[in-house]
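Bear in mind these aren't lab numbers, they're just calculated from the coordinates by the rules spelled out. All values reported here derive from a predicted model rather than from experimental measurement. For neighbour counting, all protein chains shown are included, and Cβ atoms are generated from backbone atoms with ideal geometry for every residue, glycine included.
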Amino acid sequence: QVQLVESGGGLVRAGGSLRLSCAATGGTYAMGWFRQAPGKERTFVARISRSGVNTDYADSVKGRFTISRDNAKNTVYLEMNSLKSEDTAVYYCAADRSVIRRLFPDAYDYWGQGTQVTVSS
């Protein structure tokens, strides 16, 4: 059984930084981070392959966010720098059983409960 637990969200001022963590049990998968702002659809933020070699980012976060993983700890991270008010959302980590590079929410098989990130301007 796959379980994903996010942590690290909180309130931060614009320009600040946060690091989100996603602890996974039940296997090693390609992992993604998604976010959902109030009244909006869930959107892709970043993806990392099983090995950690390949990463993808949404254009809106490129150069500011970094996804990484430590497979020995079964944990995926999202380092978020230069945060903006428009980054405010609930952030979810998700696991994809497929090895195909996929960036849309429906492709992912398992989801965490989400962690709130609020950026004040």
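For this structure, a couple of remarks:
- Length-normalised contact order of the range 39-121 in % [C-alpha pairs under 8 Å, at least 6 apart]: 26
- For the pair the range 73-115 and the range 7-57, the centres of their Cα atoms are 3 angstrom apart.
- Residue 41 paired with residue 71, simple spin-label distance in nm, labels 7 Å along Cα-to-beta-carbon: 3.3
- Net length gained if the chain between residue 98 and residue 11 were fully extended (0.36 nm per residue, minus Cα distance): 27.9 nm
- Neighbourhood charge, 13 Å Cβ-Cβ cut-off, centred on residue 89 and excluding it, Lys, Arg +1 and Asp, Glu -1: 0
- DSSP beta bridge pairing in the chain, given as percent antiparallel to the nearest 5: 90
- Taking 0.36 nm per residue of sequence separation and removing the Cα-Cα distance, the residue 64/residue 51 pair yields an extension gain of 2.5 nm.
- For residue 62, a cut-off of 19 angstrom between C-alpha atoms picks up these aspartates and glutamates, skipping any fewer than 8 places away in its own chain: 79, 86, 87.
- Phi angles across the range 13-22 convert, under the Karplus curve 6.51 cos²θ - 1.76 cosθ + 1.60 with θ = phi - 60°, into 3J(HN,Hα) values of 7, 4, x, x, 9, 9, 10, 8, 10, 9 Hz, Gly and Pro given as x.
- Listed by chain and number, the aspartates and glutamates whose C-alpha is less than 18 Å from the C-alpha of residue 84, apart from same-chain residues fewer than 8 away, are 59.
- In nm, spacing of pseudo-spin labels at residue 3 and residue 121 (7 Å Cα→C-beta vector): 4.0
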